[in-house]
């Protein structure tokens, strides 16, 4: 058995915070390894609302959180412009929103340093005619759109350039501790091959978010998380090009965010037991629609494309507070848990809570705390340097995929996913860099299947390309290629995954689209004849399952 | 107000069958449709019945007819005459079909390397129906740059016996099967990809582009020449070639004739995702037949409502640009399709609605609409939803009472069928279209027509 | 659902959001005449609902004065001809052609229009100057060298079917026509009282074509109306604005629209029908003002609901039994092309219904989708070949028909067809006028009674 690889820092959890951590540690000269049980950004970060907060949502109730947001908002725009769409945002007062909150809003923004400008309602309605004409007041703030996977990719690219290692699909399954409570080794199981690798870190940081409990358990620590499921609805078109927030106490369904080609309405907050197991009920969807209609009266006529949910990494502190203090006030929005003082494990820290907008700050504070323990004096530099791969440092433009394709001559010949204008060349580049992976990973990296047909037309094309590369031995790390059964599984898994996000909203046009897709795969393409095409009949699965108790895999 | 003896709503296989049969019988028929759908999305064959373990379409129809609530319970006897009628109609345009209801259902390759069990297919897909002899190979021939047909994927999958035998169930039913079904597949499956003339570097390569190219005789002869050379280079011995279904739109028959002449082996088309060229050819043949019989066709005009007088529909109202276009109707054939075609709409509140006449719809409660997974054996309960009818295809309500006397419901709008899994959609469409025409056009159906008043003698208004 | 519901919903916002309904089924791509003949146009699905999701400001009317947009991401949508076949064929009610037109306008927003495109939009200006300077203006447009220069300098193809200017405008001749009342803007109540009441008169929107190029068409319409007991009121009017819209000049188009609506709304309110001989102009009033320009006030709606195509109007009279059907015999075969804009009206093919009333007249619907010219599209150097390829099957069919002339309701189509086939091409109302004139004891007349003063331009002759 090979000797365990040693690292200064092992970070468990490859969401935005984990990425920020590995970058910050690497920049301070520490040999770091980042692992995630799945693809990077396949957890909460990959299921967020798509919003780069201005902080306006928090100005009235949590001024510190608001200030953190606006500070980080500015930083992210500077260091990762390609992941940010400068949509701008508005807080609007509908007739349902109480005057006291609205009246206090602008002043509260100023107090927290969140730029806020009241605009005439008529002017806003001319810019965004789909908005509720009964809006009474409107305030402009610097909300933006934030794309998580590009952000994470660029962040870890900086870390890699400084010697960090990034290992996705490695699940931490065991930790060995000394009698004195120090972690000496961690076993990582490869989710794809099953093989186990052992690493020996000096320090372990858990950025596993909603899964922090199961990571802490490996060190014999009881850490109770209260994963807060938030459901979101994806609409097929942007009925608004700016973020629209209700100007009221934060509640469900009060933000509409334009994200790439779609618009996302969110969200809810329902505690679930297991961050991997939750469902989305029609009643949740209905409730979100009720709120959304207050902002966009025609919303019921717009095409609902998909429902998805993420789980917030909320912490249920059932032990006396053991938050790390470095002399500054730390917002209640996120929390660094020092397991030395709390649980007697000397080289483990967990970072919980927080939001993607403040991921860099969360990482900075965590790294500061760990470096203090390690006696490393390097300062944080993550706010200063622009991340790699930001191109011409211009922020994301909705039209860029179309414009580039049109410049190349347009046409459909090389479009694999036509809805999202994904070219063969882009898909090949992704496979070159990331294979072996699932089509869901491909989706995160390229937007395959995220348009109106939800994979109906592009899934088998993507599978055809994988099969072609398999036959020519050009799949990275798999020159022997794939069996037809493995190819079948890739196809079926993706179709299933897309279905799961359609099921909660299956009416209207999307139900029709689903039927067309089913007719294609079942009828023209004969899917059931493939080896894995036979499924257990529904009699083996509990029949009518009550809507709010559907048990499905995490989906999005 | 213009009048028609029958207004047919929907231009799919069911609507066109009914419309042509009625026009053939001398009725004044107006066919209106919101747009094109059904034919353009489907493989162009006549799938009448292929439930699991039924060896032939005939047996399949019997089995489905015995299923409670299946449309074949009413229509089983109309499949044969309806099918014969439609085949003769499309034969006028030179569109020929292979296979009979009594033939064994055979697995034929699909564009993802699966198989589907079929009995009656357009002639261009016909050589896929022949039994495979022991040494035959299958050459899956793709077109370079065409992204809806991946030969490597298809060939690797079809090399598995399981893909062929999963479809050939039913030979143990006592019907003649003279060889072990497990041998009834190609001995070898190979993939080739051929660059066709002028296609390299094109910005648009899709089924329509290729289909139009194959309509050009000079181009296609050169194309077939290249394909022949690629096939010969891949080896010798008996076999068949599978190609994507792009072999001509207007000149398909001539294209297949050229293929037979130039290619060294028999070739069959494999249907693709929409736009389906076999479906377009079928539609063109049916449309031409309808117009030649004096039918009036309006595509792009949705029906917004109908006016009724008790249990009779009297006027069909279409949306023109700013006003209604009203057509007096002696009878109506409702061929608007199921959920895929837009004839049934799922509402957010969990109801399933028939939007044109607001007919009562038989559907499970919304909690039971969809199964847990995208594809499973029993399918989604919502698949059997639709409008229930009496033996004359008149829509009935939950109590069994006729809602409208002069309306015939046809095609995928009919309740009780799982069109995709049972592969009965085309058969139900044809049989119901035929039955509707017979019912509305026969003398016993004269009462259904009400009083007809031509506005001007001999006019088509 | 009533037509009022549909019309109320069809505001600009709904047209843009109709991209929501796209099922990606590719049916639109099967009916597009332009993508059939050229690779430069990627097809309606691509430039319509698919690209729409990548455009900012889709909730705003084209070239709105609010929030100037980022650079347009589009390029190849410029090759959409706007024929509208895609919108008709779409099973999901996506307003594809309208979305394309909007995208093209946004592409041009913020840029000065090309001189050519600007000129194409100035129909009143060009028409007036052209008429004033006849015959030199016509001679110039027939001169091969000058046409070469126009092609090189301005991009108007040297063989483009440009019409000949009339020697005098229609309006200048109307004073001498008995059944016509020329109405001036700002007429007082006394003036209005002199106008014949709405049950005895219609308002004529003659459009630029009849005013500057084909006064005989409007005169034929006026005669046919007179024959049916209707006088004609001709108010002040400007170009409907469609050429401006099609060339991306929405701001000027809005100005024309408001000008026309100001004048016509008053007549509509008083109960007059507004009749037009150009299917493009009438469609613009009925739909484009609302769907493309976002003009949706009460006046605009009144005008839209009062607008009738001349053949639509006559068929409506006939449905009421009030059409004078004393047509003389016209023994001839008449190839007829229903223009794209007519299909957008959703009124069926009224000209064919009227032709059926004329004894001896064998009108044949050429059953081809588009003649190619699509307004000013086919005049442009870079699009001329595409337009001719689109129309080629139609031209062939007409040439193969043994006939002296052809018929079509749209002026630009008429010019395209007669230039391509050499057959004089008439508005259907001219045929009817000839048939009325032939109603006597005289032997069968030909339909050349009422021929235009001047033969149309055949460039390069």
Among the helices (runs of 4 or more DSSP H) lying completely within the stretch A:390-485, list those that include at least 3 residues that are under 24 Å from the mean Cα position of the chain (by Cα).
-> A:424-434, A:439-446
For the subset of the stretch B:347-362 comprising residues that are in contact (Cβ under 8 Å) with a residue 24 or more places away in the chain and under 12 Å from residue B:386 (Cα atoms), which member is nearest to the other protein chains (Cβ to nearest Cβ)?
-> B:352
Could we say that residue B:316 is surrounded by fewer than 17 Cβ atoms within 10 Å (Cβ to Cβ) and in contact (Cβ under 8 Å) with a residue 24 or more places away in the chain here?
-> no
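Yes/no matrix, rows are residues, columns are (1) outside any loop (DSSP other than H, G, I, E, B); (2) within 11 Å of chain B (Cβ to nearest Cβ); (3) farther than 26 Å from residue C:436 by Cβ:
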{"position": "C:295", "(1), (2), (3)": "no, no, yes"}
{"position": "C:299", "(1), (2), (3)": "yes, no, yes"}
{"position": "C:313", "(1), (2), (3)": "yes, no, no"}
{"position": "C:321", "(1), (2), (3)": "no, yes, no"}
{"position": "C:343", "(1), (2), (3)": "yes, yes, yes"}
{"position": "C:348", "(1), (2), (3)": "no, yes, no"}
{"position": "C:351", "(1), (2), (3)": "yes, no, no"}
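Just checking, which of A:417, A:380 is within 14 Å of chain B (Cβ to nearest Cβ) and either surrounded by fewer than 21 Cβ atoms within 10 Å (Cβ to Cβ) or touching a residue at least 24 places away in the same chain (Cβ under 8 Å) (or both)?
Among A:417, A:380, only A:417 is within 14 Å of chain B (Cβ to nearest Cβ) and either surrounded by fewer than 21 Cβ atoms within 10 Å (Cβ to Cβ) or touching a residue at least 24 places away in the same chain (Cβ under 8 Å) (or both).
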From the set of residues in the stretch A:254-272 that are out of contact with any strand residue (DSSP E or B) (no Cβ under 6 Å at 6 or more places or on another chain) and part of a loop (DSSP other than H, G, I, E, B), which is surrounded by the most Cβ atoms within 10 Å (Cβ to Cβ)?
-> A:261
Kindly check whether there is at least one residue in the stretch A:208-227 that is modelled with pLDDT of 95 or more, within 22 Å of residue A:276 (Cβ to Cβ) and assigned to a strand (DSSP E or B).
-> no
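How many of the residues in the stretch A:1-48 are part of a strand (DSSP E or B) and in contact with a helix residue (DSSP H, G or I) (Cβ under 9 Å, 6 or more places away or on another chain)?
Number satisfying all stated conditions: 8.
Tell me, please, whether a residue that is closer than 30 Å to residue A:517 by Cβ, touching a strand residue (DSSP E or B) at 6+ places or on another chain (Cβ under 6 Å), within 14 Å of chain B (Cβ to nearest Cβ) and crowded, with 18+ Cβ neighbours inside 10 Å can be found in the stretch A:389-400. Break it down stepwise before answering.
In the first step, residues of the stretch A:389-400 are kept if they are closer than 30 Å to residue A:517 by Cβ; the result is A:396, A:398-400.
Then keep just the ones that are touching a strand residue (DSSP E or B) at 6+ places or on another chain (Cβ under 6 Å); that gives A:396.
Now restrict to residues that are within 14 Å of chain B (Cβ to nearest Cβ): none.
Checking the stretch A:389-400: not a single residue is closer than 30 Å to residue A:517 by Cβ, touching a strand residue (DSSP E or B) at 6+ places or on another chain (Cβ under 6 Å), within 14 Å of chain B (Cβ to nearest Cβ) and crowded, with 18+ Cβ neighbours inside 10 Å.
Anything in the stretch C:26-42 that is part of a loop (DSSP other than H, G, I, E, B) and facing another protein chain (nearest Cβ under 7 Å)? List them, or say none. Give the derivation first.
Restricting attention to the stretch C:26-42, the residues satisfying the condition of being part of a loop (DSSP other than H, G, I, E, B) are C:26, C:32, C:38-42.
Result: C:26, C:39, C:42.
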If we scan the stretch A:113-125, do we find a residue that is surrounded by fewer than 20 Cβ atoms within 10 Å (Cβ to Cβ), in contact with a strand residue (DSSP E or B) (Cβ under 7 Å, 6 or more places away or on another chain), within 14 Å of chain C (Cβ to nearest Cβ) and assigned to a loop (DSSP other than H, G, I, E, B)?
-> no
Test: residue in the stretch B:363-379 that is assigned to a strand (DSSP E or B), away from chain C (no Cβ under 14 Å) and modelled with pLDDT of 95 or more = no
Could you please find all residues in the stretch B:249-276 being free of Cβ contacts under 8 Å to residues at least 40 places away in the same chain, under 19 Å from residue B:193 (Cα atoms) and surrounded by 17 or more Cβ atoms within 10 Å (Cβ to Cβ)?
-> B:259, B:263
Which residues, taken from the stretch B:317-366, are within 26 Å of the chain's Cα centre (by Cα) and either outside the structural domain of residue B:29 (by TED's automatic domain parsing) or at positive phi (or both)?
-> B:337, B:342, B:358
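Looking at the stretch A:440-448, is at least one residue out of contact with any helix residue (DSSP H, G or I) (no Cβ under 7 Å at 6 or more places or on another chain), touching a residue at least 60 places away in the same chain (Cβ under 8 Å), closer than 24 Å to residue A:81 by Cβ and more than 7 Å from every other protein chain (Cβ to nearest Cβ)?
Within the stretch A:440-448, the subset out of contact with any helix residue (DSSP H, G or I) (no Cβ under 7 Å at 6 or more places or on another chain) is A:443, A:447.
Keeping just the survivors that are touching a residue at least 60 places away in the same chain (Cβ under 8 Å) gives A:447.
Retained after the next criterion (residues that are closer than 24 Å to residue A:81 by Cβ): A:447.
Retained after the next criterion (residues that are more than 7 Å from every other protein chain (Cβ to nearest Cβ)): A:447.
Checked against the condition, which is being out of contact with any helix residue (DSSP H, G or I) (no Cβ under 7 Å at 6 or more places or on another chain), touching a residue at least 60 places away in the same chain (Cβ under 8 Å), closer than 24 Å to residue A:81 by Cβ and more than 7 Å from every other protein chain (Cβ to nearest Cβ), the stretch A:440-448 yields at least one hit.
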Test: residue in the stretch C:273-282 that is surrounded by fewer than 23 Cβ atoms within 10 Å (Cβ to Cβ), over 24 Å from residue C:432 (Cβ atoms) and modelled with pLDDT of 95 or more | no
Of the criteria (1) surrounded by fewer than 22 Cβ atoms within 10 Å (Cβ to Cβ); (2) on the phi > 0 side of the Ramachandran plot, which one residue C:372 fails | (1)
Hey, residue C:93 hits all of (1) surrounded by 23 or more Cβ atoms within 10 Å (Cβ to Cβ); (2) outside any helix (DSSP H, G or I); (3) within 13 Å of chain B (Cβ to nearest Cβ) but one; which does it fall short on?
-> (1)
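Table: residues versus (1) at positive phi; (2) within 23 Å of the chain's Cα centre (by Cα); (3) assigned to a helix (DSSP H, G or I); (4) at pLDDT 95 or above.
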position	(1), (2), (3), (4)
C:14	no, no, yes, no
C:24	yes, no, no, yes
C:51	no, no, yes, yes
C:67	yes, no, no, no
C:72	no, no, no, no
C:107	no, no, yes, no
With respect to residue A:461, is the statement that it is within 14 Å of chain B (Cβ to nearest Cβ) and in contact with a strand residue (DSSP E or B) (Cβ under 6 Å, 6 or more places away or on another chain) true?
-> yes
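Please count how many residues of the stretch C:323-341 are under 15 Å from the mean Cα position of the chain (by Cα), away from every other protein chain (no Cβ under 13 Å) and in a loop (DSSP other than H, G, I, E, B).
Step one: filter the stretch C:323-341 for residues under 15 Å from the mean Cα position of the chain (by Cα), giving C:337-341.
If we keep only those that are away from every other protein chain (no Cβ under 13 Å) too, we end up with C:337, C:339.
Restricting the remaining residues to those that are in a loop (DSSP other than H, G, I, E, B) gives C:339.
Qualifying residue count, the stretch C:323-341: 1.
The values are calculated or read from the model by the stated rules, or taken from the named source; none is laboratory data. Worth saying up front: this structure is predicted, and the values here are computed from it rather than measured. All Cβ positions, even for glycine, are placed from backbone atoms using ideal geometry, and neighbour counts span all protein chains on display.
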